[in-house]
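A short write-up of the structure that comes next.
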Amino acid sequence: MKAILTSFFALAVTTCSIAQSNFSADFQKISDNVQQHSKAYPTLKHASETIGHRLTGSVNGAKAEQYTFDLMKSYGLDVRFQPFEVESWSRKTVEVKIGNAVNALQPVKAVTLAHSPVEAKITGQLVDMGNGLEADYKAAPDAVKGKIALIYLGVLPGSPQGTSSLHRSEKTAIAIQYGAIGVVIINTVKNGVLLTGTASVTGKVIPIPAVCIGQEDGMALKERMKAAPQFTSISMTNFSGLIKARNVIATIKGKKYPKEKILVGGHLDSWDLAEGAQDDGTGDGSRVY
């Protein structure tokens, strides 16, 4: 039995090695072809610079749909639009002010996190909730009730080893659960970069305003809060409602197995404050361009 098992194992390893070797050779051919002949990068650059952001339902979103349709059509593919209607959200205006007294607030660069209320205007004391995890609230369950939570997007330096972060939407949900009237999230990226993503776990509008401020502003604010209470006002307007958009579907009919289907896809849209060259421009580029 031992001899049979040993032989079987050797056969399995050999077979796996051959398959891996064949796959590597095929992959190398594909990689070489892409490196030498692909127009993905210049096309992505052109699309990003001429269209800009690709927010679903926006004018730019429609431009991106048509651009993709025309591009795949030029490849000789069978292309069609698939119209759909969906609940959408987009930013309008936002103003965030912070200071050591309600009558001494100063503007701070900020961006509204997606799915914040259509309209909100609040003023309150800031409470530093650290990483914004459940454990941070359990240590002082009533600390943020009726106040505004200050949360770090990731895991703060110096946190206990093994501390795991949560998505910003989950951190916002915890703040809501413990009675916060607003959320200010500190980004982890340096040089004042602001986050544009959602603060909702469901994709629905949340009941309190949520904003993101830059890392430098946020960490300086945390230091000031050690010396004296800090207050903030958040005023914002946003859009939420049904919009119309289109999926772009291209079909390459199989020759050997014409009835079998392989689905390759990605999201064409992006957030509205940047070109979306990485998310999901690089993905679209690898599939389409």
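Brief remarks follow.
- Test: residue in the stretch 277-285 that is in the same structural domain as Ala62 (by TED's automatic domain parsing), buried (at least 18 other Cβ atoms within 10 Å of the Cβ), under 30 Å from Lys97 (Cα atoms) and under 20 Å from the mean Cα position of the chain (by Cα): no
- Given (1) buried (at least 18 other Cβ atoms within 10 Å of the Cβ); (2) touching a residue at least 40 places away in the same chain (Cβ under 8 Å); (3) under 25 Å from the mean Cα position of the chain (by Cα), index of the condition Met72 fails: (3)
- Here Val205, Val201, Val184 are screened, and the one residue that is surrounded by 12 or more Cβ atoms within 10 Å (Cβ to Cβ), part of a strand (DSSP E or B), under 20 Å from the mean Cα position of the chain (by Cα) and modelled with pLDDT of 95 or more is Val184.
- Every listed requirement among (1) at pLDDT 90 or above; (2) part of a loop (DSSP other than H, G, I, E, B); (3) surrounded by fewer than 19 Cβ atoms within 10 Å (Cβ to Cβ); (4) under 22 Å from the mean Cα position of the chain (by Cα) is met by Tyr257 save one, (4).
- Residues of the stretch 95-117 satisfying the condition of being touching a Pro at 6+ places or on another chain (Cβ under 9 Å) and not acidic (Asp, Glu): Val96, Lys97, Ile98, Asn100, Ala101, Thr112, Leu113, Ser116, Pro117
- Filtered residues of the stretch 260-276 (kept if surrounded by 13 or more Cβ atoms within 10 Å (Cβ to Cβ) and closer than 16 Å to Ala40 by Cβ): Gly266, Leu268, Glu275, Gly276
- Set Ser159, Ser164: member being modelled with pLDDT of 95 or more, under 23 Å from the mean Cα position of the chain (by Cα) and over 25 Å from Arg91 (Cα atoms): Ser164
- So Ala40, is it in contact with a helix residue (DSSP H, G or I) (Cβ under 8 Å, 6 or more places away or on another chain) and more than 26 Å from Leu242 (Cα to Cα): yes
The values are calculated or read from the model by the stated rules, or taken from the named source; none is laboratory data. Quantities reported herein were computed from a predicted structural model and do not represent experimental measurements. All Cβ positions, glycine included, derive from the backbone under ideal geometry; neighbour counts span all protein chains shown.
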